[in-house]
Amino acid sequence: MSRQQPKEPSTSRLAEVRAARLQKLQRLRELGVDPYPATFEARQPIGEAREKAPGTEVRVAGRLVLWRRHGGSTFATLRDQSGQVQLQFRRDALGPDRYELLKLLDVGDFIGIEGSLFTTRTGELTVEVRQFAVLTKALRPLPEKWHGLTDPETRVRKRHLTFISDPGEMEMLVKRAQFVHNIRAFLEGEGFVEVATPALERIPGGAEAEPFVTHHAALDTDFYLRISLELAHKRLIVGGFERIYEIGRVFRNEGLGREYLQEFDLLEFYWAYADLPALKRLVERFYATVIQETFGTLRLTYGEDALDFTPPWPETDYLELFRQKAGIDLHQYPTAESLLPVARKLDIPEAVSGLGRGRLIDLIYKRVIRPTLIQPQFLVNHPVDISPLAKRDPKDPIRVQRLQVLIAGSEVGNGFAELNDPLDQRARFEEQQRLREAGDREAQMLDEEFLEALEYGMPPTAGFGVSIERWLMYLTNSPAIRDVVAFPLTRPAASSSPTEEADKDSREA
RNA sequence: GGGCCCGUAGCUCAGCGGCAGAGCAGCGGACUUUUAAUCCGAUGGUCGUGGGUUCGAAUCCCACCGGGCCCCCCA
């Protein structure tokens with residue numbers, strides 16, 4: 001990509017370091033050493049090499065992370081993903097010419113080495129290097145070897161440096177991979193088929209959230225990025241699928257916060273002919289199995305709280321909860337107008353007229369009630385106002401057949417007996433549409449295609465959804481949800497910072 | 001979007017109205033079992049950006065940019 005020698009920024013320490021490394025690079029080439037060879041054959045992971053007995057020949061490769069030069073003997077620390085090991089280079093073993101080459105290496109370079117294992121008198125397992133090869137010359141210095149990289153902004157903007165200076169950070173992503181693998185394994189084992197549905201939609205549905213807008217050039221048409229997987233999945237159920245799931249990236253145009261991402265992986269599954277009690281049993285088993293297999297235990301802690309995922313989990317009644325924790329009997333407040341003064345009395349400034357009854361209930365719930373629900377539990381019997389896609393409870397039509405999984409005061413799973421009455425669904429969309437027109441940007445849009453599909457008939461179906469990241473955040477005791485993703489969203493960096501200028505110079509050269 | 005705090009060398013940090021500092025890394029040198037190796041020497045700055053106050057600003061004030069925490073909001 002870069003065509004010639006990059007131009008140097010005139011006045012920075014970074015530029016000097018880089019110039020010195022470029023000179024070493026040039027020198028290597030003059031000596032006939034390829035600083036970027038294609039391969040290093042027959043390498044073994046350092047972690048494996050460390051298991052061998054002293055005297056064994058090993059062949060390992062990795063990044064140089066520390067140098068200790070002592071005249072005719074040089075110690076270094078070499079690291080790969082499996083671990084690190086000390087190297088010793090000796091002038092009398094390598095010969096003066098090869099030993100001189102070490103001067104052209106820096107911390108940060110990748111090298112491959114061959115040598116024999118021994119233990120130093122201080123007990124450190126070490127490879128005495130017989131041969132070495134440059135695998136990649138690095139041009140920029142690594143973060144400080146002792147303090148590492150602590151600036152939170154740099155850590156999030158330059159994730160590669162975070163992983164280099166703090167290899168433990170990689171474990172989160174490895175854990176996530178295992179977690180997702182275990183989720184798939186469980187659902188496949190239950191006969192669920194993985195499907196893939198479009199992220200570009202004309203009408204984003206299935207959740208209450210503000211969507212991102214994008215544009216298709218050839219069609220000259222705006223599309224939305226999906227905010228959930230739900231409506232496409234239900235159309236598949238209409239089509240005859242009985243057990244489907246997807247782990248799909250969804251996008252929500254909302255603020256940044258410790259519990260929120262702008263894009264995240266949503267797991268949803270739909271299960272035809274299953275009712276809410278069956279769903280509940282499955283979800284309990286699902287969580288317990290996946291957690292046990294990923295973490296080896298069902299007892300985890302989040303912050304101050306000890307969480308126990310051992311089934312069965314308690315079941316909490318939504319309306320009863322309002323009576324107990326807030327002293328509100330929701331049956332007494334059938335309209336938004338009657339509920340509004342109650343919300344205002346609870347000191348909820350966002351409660352304003354124009355909001356629907358459902359939003360008011362949701363606000364009271366999220367502000368006053370949910371923070372008190374710590375242990376894993378099912379929240380059931382939600383009012384119909386806050387669940388426009390769930391089936392009504394035949395015994396009490398103002399409630400729906402829904403279950404939410406709550407962990408540490410947060411929603412970590414949401415299941416429904418899905419609404420399959422096309423006329424009821426149309427009426428609820430129309431109510432949402434009315435709220436939308438009244439200014440609620442998170443109210444759902446009416447999706448005519450979906451309604452038409454429902455008119456062909458969807459069998460009774462249970463559905464469930466959970467954010468992989470939110471779930472993992474609570475399981476791994478992470479203070480912020482961005483801690484469980486590789487590259488969380490950042491604002492564009494200011495172009496005027498010195499670091500940025502240096503970056504720009506090297507790109508433009 | 002609101003409140004509080006932060007931004008000084010590639011990295012980690014001092015300095016908080018009077019010459020821009022240290023450690024690590026880098027450069028030169030000594031050193032063949034070190035462990036953040038050690039020792040000697042030379043070097044390194046748009047003090048986030050812009051404006052203002054002042055004889056004088058990294059330091060005080062204002063705005064902006066970026067970040068962190070707490071509210072708020074969508075799993």
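The values are calculated or read from the model by the stated rules, or taken from the named source; none is laboratory data. As the structure is a computational prediction, the values presented were derived from the model and not from experiment. Here the Cβ is made from the backbone with ideal geometry for all residues, glycine too, and neighbour counts use every protein chain on show. What goes into the accessible areas is simple: the full protein's heavy atoms, side chains included, and nothing from ligands, DNA or RNA. Shrake-Rupley method; radii C 1.70, N 1.55, O 1.52, S 1.80 Å.
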Considering residues that are outside any helix (DSSP H, G or I) and modelled with pLDDT under 90, the number found within the range A:159-197 is 1
Mind checking whether some residue in the range A:323-335 is buried (at least 20 other Cβ atoms within 10 Å of the Cβ), part of a loop (DSSP other than H, G, I, E, B) and of a type in the set (A, V, I, L, M, F, W, C)? yes
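Each row is one residue, and each column tells you yes or no for (1) hydroxyl-bearing (S, T, Y); (2) open to solvent by less than 20 Å² (accessible area, probe 1.4 Å); (3) near RNA strand B (Cβ under 10 Å from one of its atoms); (4) under 18 Å from A:Q86 (Cβ atoms).
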| site | (1), (2), (3), (4) |
| --- | --- |
| A:S116 | yes, no, no, yes |
| A:T120 | yes, no, yes, yes |
| A:V127 | no, yes, no, yes |
| A:R130 | no, no, no, yes |
| A:V134 | no, yes, no, no |
The number of residues in the range A:170-184 that are over 13 Å from the mean Cα position of the chain (by Cα) and open to solvent by less than 50 Å² (accessible area, probe 1.4 Å) is 2
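Identify the residue in the range A:208-226 that is out of contact with any Leu (no Cβ under 9 Å at 6 or more places or on another chain) and either in contact (Cβ under 8 Å) with a residue 60 or more places away in the chain or of a type outside the set (G, A, S) (or both) and, among all such residues, is surrounded by the most Cβ atoms within 10 Å (Cβ to Cβ).
Step one: list which residues in the range A:208-226 are out of contact with any Leu (no Cβ under 9 Å at 6 or more places or on another chain), which gives A:208-210, A:215, A:217-222.
After this cut, where a residue has to be either in contact (Cβ under 8 Å) with a residue 60 or more places away in the chain or of a type outside the set (G, A, S) (or both) as well, the list is A:208-210, A:215, A:219-222.
Working: A:E208: 21, A:A209: 16, A:E210: 14, A:H215: 9, A:L219: 8, A:D220: 7, A:T221: 10, A:D222: 10.
Among residues in the range A:208-226 that are out of contact with any Leu (no Cβ under 9 Å at 6 or more places or on another chain) and either in contact (Cβ under 8 Å) with a residue 60 or more places away in the chain or of a type outside the set (G, A, S) (or both), the one surrounded by the most Cβ atoms within 10 Å (Cβ to Cβ) is A:E208.
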Restricted to the range A:105-158 and to residues being of a type in the set (D, E, K, R), at pLDDT below 95 and outside any loop (DSSP other than H, G, I, E, B), the residue farthest from A:T39 (Cα to Cα) is A:E153
Per the list (1) over 30 Å from A:F179 (Cβ atoms); (2) out of contact with any Asp or Glu (no Cβ under 8 Å at 6 or more places or on another chain), residue check on A:G296 breaks on (1)
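Determine which member of the set A:L363, A:L346 is surrounded by 12 or more Cβ atoms within 10 Å (Cβ to Cβ), of a type in the set (A, V, I, L, M, F, W, C), within 12 Å of RNA strand B (Cβ to nearest atom) and over 21 Å from A:R436 (Cα atoms).
Working: A:L363 fails: over 21 Å from A:R436 (Cα atoms).
Exactly one residue qualifies, and that residue is A:L346.
Please determine whether any residue of the range A:464-473 is away from RNA strand B (no atom under 16 Å from the Cβ) and charged (D, E, K, R). Step through it out loud before you land on a result.
Residues of the range A:464-473 away from RNA strand B (no atom under 16 Å from the Cβ): none.
The answer is no, given that none of the residues of the range A:464-473 is away from RNA strand B (no atom under 16 Å from the Cβ) and charged (D, E, K, R).
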- Task: Could you tell me whether the range A:145-160 includes any residue that is under 22 Å from A:E48 (Cα atoms), within 13 Å of RNA strand B (Cβ to nearest atom) and touching a Lys or Arg at 6+ places or on another chain (Cβ under 8 Å)?
- Result: no
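For the range A:362-471, which fully contained strands (runs of 3 or more DSSP E) count at least 3 residues that are under 21 Å from A:T335 (Cα atoms)?
Working: elements: A:377-380, A:396-400, A:402-407, A:410-417, A:461-467.
Because the criterion is at least 3 residues that are under 21 Å from A:T335 (Cα atoms), the strands (runs of 3 or more DSSP E) in the range A:362-471 that meet it are A:396-400.
With the structure loaded, tell me whether A:L200 is within 23 Å of A:V17 (Cβ to Cβ) and of a type in the set (A, V, I, L, M) or whether it fails that test. Spell out the reasoning first.
Details: within 23 Å of A:V17 (Cβ to Cβ): no; of a type in the set (A, V, I, L, M): yes.
So A:L200 does not fit the description; no.
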Expected single match for surrounded by 13 or more Cβ atoms within 10 Å (Cβ to Cβ) and either on the phi > 0 side of the Ramachandran plot or within 13 Å of RNA strand B (Cβ to nearest atom) (or both) among A:E259, A:E293, A:E201 is A:E259
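Among the residues of the range A:262-284, is any among the small types (G, A, S), assigned to a helix (DSSP H, G or I) and surrounded by fewer than 17 Cβ atoms within 10 Å (Cβ to Cβ)? First the steps, then the outcome.
Narrowing the range A:262-284 to residues among the small types (G, A, S): A:272, A:274, A:278.
Remaining after also requiring assigned to a helix (DSSP H, G or I): A:278.
Those still in the list that are surrounded by fewer than 17 Cβ atoms within 10 Å (Cβ to Cβ) too: A:278.
So far as the range A:262-284 goes, yes, one or more of its residues are among the small types (G, A, S), assigned to a helix (DSSP H, G or I) and surrounded by fewer than 17 Cβ atoms within 10 Å (Cβ to Cβ).
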Of the residues in the range A:8-63 that are assigned to a helix (DSSP H, G or I) and open to solvent by 90 Å² or more (accessible area, probe 1.4 Å), the one that is farthest from RNA strand B (Cβ to nearest atom) is A:E48
Conditions (1) surrounded by fewer than 18 Cβ atoms within 10 Å (Cβ to Cβ); (2) out of contact with any Gly (no Cβ under 9 Å at 6 or more places or on another chain) -> A:P371 fails only (2)
